[in-house]
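Since the structure comes first, as structure tokens, the remarks are kept for the end.
Only the coordinates and a few stated rules stand behind these numbers; no lab work does. As the structure is a computational prediction, the values presented were derived from the model and not from experiment. Using ideal geometry, Cβ is built from the backbone for each residue, glycine included, and neighbour counts are taken over all protein chains shown.
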């Protein structure tokens with residue numbers, strides 16, 4: 001963009017700045033200020049964001065990476081010569097060994113008999129987990145496309161729904177928010193955000209930021225594409241910046257907020273005909289490395305077991 | 001964030017990012033035969049590499065084979081990493097070469113990069129409106145119809161976490177060319193979306 005009278009370049013953000021904004025990379029304050037004021041550049045950023053969304057959607061829909069070293073029946077290049085084959089086989093054997101530690105637990109927890117779409121929750125009789133890609137939400141029902149076909153999930157008013165990801169559009173003025181991220185010059189660069197009222201929460205949240213980071217909570221004001229202001233209970237205003245890498249958690253989401261095409265897991269009691277009566281539904285991008293915690297008391301099942309099952313299911317997809 | 005809503009009765013998330021390992025140090029350990037380091041490396045990079053390769057080849061089985069070949073190459077060649085690029089761009093560069101070799105072996109026709117680079121971007125125009133109006137599923141579908149080179153570029157820029165200079169390094173082209181190809185790729189995408197919109 002233009003930086004002075006002698007600069008004849010476009011007054012708008014250049015492509016590199018737009019891409020940096022969309023991908024959550026560092027953007028100069030001047031560029032960010034311009035973006036906040038320029039309708040043309042915001043429209044361009046939104047268009048690139050749509051392209052990026054398509055790529056992310058395809059990545060989310062991509063299958064889980066298979067554990068390394070799986071024997072392949074047809075590998076013509078490995079048959080090109082005995083020496084080459086021996087070298088490759090040797091390396092593959094090493095990879096099989098390295099894979100064992102990393103994948104054994106996940107595989108054991110998520111292994112499904114052929115033809116089934118649900119995974120039993122260990123230690124919780126009658127409870128099962130369905131995981132896959134959310135296909136659609138209709139009223140109080142949703143359909144998850146699993147590896148072995150669609151599963152219908154029914155929900156009730158008591159069903160807990162949580163979602164997480166790059167959900168910056170959920171940050172709106174007046175929303176309660178908890179922000180965690182590195183602080184610089186009074187501004188917090190949001191790494192993680194929790195948006196919305198936490199059901200049953202009382203008092204200040206228990207948040208312990210790492211060294212150099214800050215945690216602030218209050219309500220959102222002046223929400224914009226590049227950030228917002230947190231107004232604390234004491235009236236202090238803390239500027240917060242957001243980016244594509246900001247991970248937003250909505251612990252009390254509505255079914256209608258869930259996004260089709262995103263990895264989703266539901267836990268509950270299985271019924272006939274591939275139907276699950278859910279007590280909890282979780283949606284988050286595959287590979288997010290964020291762990292779900294489940295605190296709802298359930299007869300005959302510990303919340304920890306439910307959380308472990310959900311995390312294993314989500315990890316299996318990620 | 002440390003359990004901000006304990007006792008709330010909600011299924012919630014806590015921030016426990018544990019993937020922030022030192023990739024370069026990890027590669028050094030892999031070069032010394034550390035199998036745990038290799039497993040960690042696989043966990044850290046396999047999904048992004050697989051998604052990128054799948055975006056280009058469009059075939060799951062082939063993409064998984066290329067991923068395995070890539071990780072084999074990492075296992076064997078970790079000691080050759082000189083730190084001149086990020087580890088992510090290094091491994092994606094390996095995956096790209098593996099992909100190219102496989103596609104050559106299959107004699108698949110890949111649209112010539114030079115041709116694509118010469119396609120002018122549309123700039124703001126009627127086609128852009130198709131992008132503004134498109135649903136996510138439509139954009140995803142249109143991306144699948146793009147030429148492999150365009151899909152690869154968009155994946156590198158938006159899916160791999162690489163900066164434009166790093167993408168330029170992976171593709172071995174100037175940053176300016178990355179930008180012009182990006183513009184061309186978006187023009188092609190909007191063209192597809194526009195055409196689909198007219199046919200609805």
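Some observations on this one:
- Ordered by the number of other Cβ atoms lying within 10 Å of each residue's own Cβ, fewest first, B:183, A:236 fall into the sequence A:236, B:183.
- Put simply, when A:120-129, A:244-253, A:168-177 are sorted by average Cβ atoms within 10 angstrom per residue, most first, you get A:244-253, A:120-129, A:168-177.
- Summarised as an ellipsoid, the range B:23-105 has semi-axes of 22, 12, 11 Å, derived from the eigenvalues of the Cα gyration tensor scaled by 5 and square-rooted, with the largest first.
- Neighbouring Cβ atoms from other chains, within 10 Å of the Cβ of residues in B:37-48, number 5 on average.
- Each residue, residue A:125 and residue B:175, gets one label point 7 Å from its Cα in the Cβ direction; the gap between the two is 6.5 nm.
- Once the Cβ-Cβ distance of residue A:172 and residue A:233 is raised to the sixth power relative to R0 = 22 Å, the FRET efficiency obtained is 0.70.
- Counting Cβ atoms of other protein chains within 10 Å of each Cβ in A:243-252 and taking the mean gives 3.
- Residues A:255, B:72, arranged from fewest to most other Cβ atoms within 10 angstrom of their Cβ, appear as A:255, B:72.
- Compared with the direct C-alpha span, the chain from residue A:147 to residue A:183 gains 8.7 nm at full extension, assuming 0.36 nm per residue.
- Residue B:145-residue A:158 FRET efficiency (beta carbon distance; Förster radius 51 Å; 0.05 resolution): 0.70
- Across peptide A:22-31, the mean count of Cβ atoms from other chains lying within 10 Å of each residue's own Cβ comes to 2.
- Efficiency of FRET from Cβ geometry, residue B:25 and residue B:195, R₀ 45 Å, rounded to 0.05: 0.35
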